[in-house]
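S.K.: Next up is a structure, given as structure tokens.
The values are calculated or read from the model by the stated rules, or taken from the named source; none is laboratory data. Fair warning: this is a prediction, and the values are worked out from it, not measured in the lab. Cβ: placed from backbone, ideal geometry, glycine included. Neighbour counts: every protein chain shown. Each accessible area value is taken on the protein alone, full model and side chains, heavy atoms only, with ligands, DNA and RNA left out. Shrake-Rupley method; radii C 1.70, N 1.55, O 1.52, S 1.80 Å.
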Amino acid sequence: MSPVTRGFRGRRNPESASRTPPGQYLTKDFPVLSAGPTPVTRLEKWTFSVTRGDATLRSWTWSDLRELPYDDVTVDIHCVTRWSKLDTRWRGVSIDTFLRDADLEDTVSGYVMAHSDGGYTTNLPLKDLTGGKAWVAYEYGGQPLAAEHGGPARLLVPHLYFWKSAKWVRRLDLMKVDEPGFWENYGYHMYGDPWREQRYDGD
Ligand SMILES: Nc1nc2c(c(=O)[nH]1)N[C@H]1C(S)=C(S)[C@@H](COP(=O)(O)O)O[C@H]1N2
Ligand SMILES: [Mo]
């Protein structure tokens with residue numbers, strides 16, 4: 001009798017193995033992980049802003065967002081609870097586009113706090129959001145992003161553990177100094193590189 005396998009474990013091909021970070025298993029499911037209830041914001045009231053403390057550098061309505069150039073990206077995602085999912089398909093606006101439109105001439109802000117409806121926050125280095133590495137995503141698998149997965153729009157930063165991809169994102173706040181967000185305050189790693197297994201503070 002063959003042992004029970006989860007996802008592709010034990011059967012994966014070399015290519016998917018090479019795309020699976022240490023300590024992760026592959027799944028075809030799309031688990032939902034939320035620290036609280038799913039917030040509901042009407043699209044007419046939805047905005048996305050780039051701020052620096054009290055100063056709003058630029059804000060976009062939902063229809064503004066939908067007029068921005070978008071990327072269709074296929075990426076692998078890695079949750080710190082050890083599931084990884086290959087070849088997820090998203091549509092979203094590159095963070096580069098927002099920062100360009102915000103006329104960001106900022107050489108002092110090295111970090112960003114992402115803020116979501118419901119109060120969730122997560123911190124990232126600014127350079128991890130630029131250079132075509134991160135998006136505000138509003139479609140998944142060719143459909144509008146489901147509310148439980150962060151719809152109407154979420155941050156997508158696939159090269160870091162998925163807790164950095166803030167669901168229901170509404171604001172990016174530029175910071176001079178790195179500060180912990182929600183999970184980082186509970187001992188999760190300040191950076192969260194899945195390939196270096198940066199799960200917890202000290203990893
Ligand atoms: N606003 C918000 N964003 C969040 C979370 C959350 O609880 N609230 N959970 C994070 C974690 S731990 C993970 S693994 C992913 C889960 O995204 P999913 O529910 O679409 O799989 O969202 C991240 N973004
Ligand atoms: Mo997670």
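S.K.: Considering every residue within the stretch 47-54, establish whether at least one is at pLDDT below 95 and of a type in the set (A, V, I, L, M).
M.R.: no
S.K.: Considering only the stretch 100-114, state which residues are open to solvent by 50 Å² or more (accessible area, probe 1.4 Å) and not β-branched (Val, Ile, Thr).
M.R.: Within the stretch 100-114, Arg100, Asp103, Glu105, Tyr111 meet the criteria.
S.K.: Oh, and also: List pairs: first residue in the stretch 52-66 and more than 22 Å from Ser109 (Cβ to Cβ), second residue open to solvent by 60 Å² or more (accessible area, probe 1.4 Å) and of a type in the set (A, V, I, L, M) anywhere in the structure, Cβ distance under 9 angstrom, at least six positions apart or on different chains.
M.R.: Hits for this filter: Thr61/Leu43; Trp62/Leu43; Ser63/Leu43.
S.K.: Please state which of the following conditions Gly23 fails to meet, knowing it meets all the rest: (1) within 14 Å of ligand 1 (Cβ to nearest atom); (2) surrounded by fewer than 15 Cβ atoms within 10 Å (Cβ to Cβ); (3) at pLDDT 95 or above.
M.R.: (1)
S.K.: Tell me the residue from Asp72, Asp64, Asp128 that is away from ligand 2 (no atom under 16 Å from the Cβ), within 21 Å of Phe182 (Cβ to Cβ) and out of contact with any Pro (no Cβ under 9 Å at 6 or more places or on another chain), please.
M.R.: Asp128
S.K.: Now for a separate question. Please go through the stretch 64-99 and give me each residue that is under 18 Å from Ala147 (Cα atoms) and open to solvent by 60 Å² or more (accessible area, probe 1.4 Å), ordered by number.
M.R.: Residues satisfying the conditions are Arg66, Arg89.
S.K.: Right, here's the next one. For the stretch 178-203, how many residues are open to solvent by less than 60 Å² (accessible area, probe 1.4 Å), of a type in the set (Asp, Glu) and within 23 Å of Gly118 (Cβ to Cβ)?
M.R.: 2
S.K.: Got a number for residues in the stretch 16-29 being in contact (Cβ under 8 Å) with a residue 12 or more places away in the chain, of a type in the set (Ser, Thr, Tyr) and more than 14 Å from Cys79 (Cβ to Cβ)?
M.R.: 1
S.K.: Which of the residues belonging to the stretch 137-159 are more than 8 Å from the chain's Cα centre (by Cα), outside any loop (DSSP other than H, G, I, E, B) and in contact (Cβ under 8 Å) with a residue 24 or more places away in the chain?
M.R.: Ala137, Tyr138, Glu139, Tyr140, Ala147, Glu148, His149
S.K.: Also, I was wondering about something else. What number goes with the only condition from (1) free of Cβ contacts under 8 Å to residues at least 40 places away in the same chain; (2) of a type in the set (D, E, K, R); (3) within 16 Å of ligand 2 (Cβ to nearest atom) that Lys85 does not pass?
M.R.: (1)
S.K.: Could you count how many residues in the stretch 160-185 are of a type in the set (A, V, I, L, M), assigned to a loop (DSSP other than H, G, I, E, B) and within 11 Å of ligand 1 (Cβ to nearest atom)?
M.R.: Residues in the stretch 160-185 being of a type in the set (A, V, I, L, M), assigned to a loop (DSSP other than H, G, I, E, B) and within 11 Å of ligand 1 (Cβ to nearest atom): 2 in total.
S.K.: Could I ask something else about it? Where residues in the stretch 21-55 are over 17 Å from the mean Cα position of the chain (by Cα) and β-branched (Val, Ile, Thr), which of them is farthest from Pro152 (Cα to Cα)?
M.R.: Here the answer is Thr27.
S.K.: Taking the stretch 116-131 as the region of interest, how many residues are within 15 Å of ligand 1 (Cβ to nearest atom) and open to solvent by 50 Å² or more (accessible area, probe 1.4 Å)?
M.R.: Residues flagged as within 15 Å of ligand 1 (Cβ to nearest atom) and open to solvent by 50 Å² or more (accessible area, probe 1.4 Å) within the stretch 116-131 amount to 2.
S.K.: While we're looking at this one, here's another question. Please list, ordered by first then second residue, the pairs with beta carbon atoms under 6 Å, 6 or more apart or interchain, first in the stretch 30-50 and within 16 Å of ligand 2 (Cβ to nearest atom), second in a loop (DSSP other than H, G, I, E, B).
M.R.: Here the result reads Gly36/Gly118, each pair linking the stretch 30-50 to a residue that is in a loop (DSSP other than H, G, I, E, B).
S.K.: So, one more: Determine whether Leu145 is among the aliphatic types (A, V, I, L, M), closer than 21 Å to Leu99 by Cα and open to solvent by less than 20 Å² (accessible area, probe 1.4 Å).
M.R.: no
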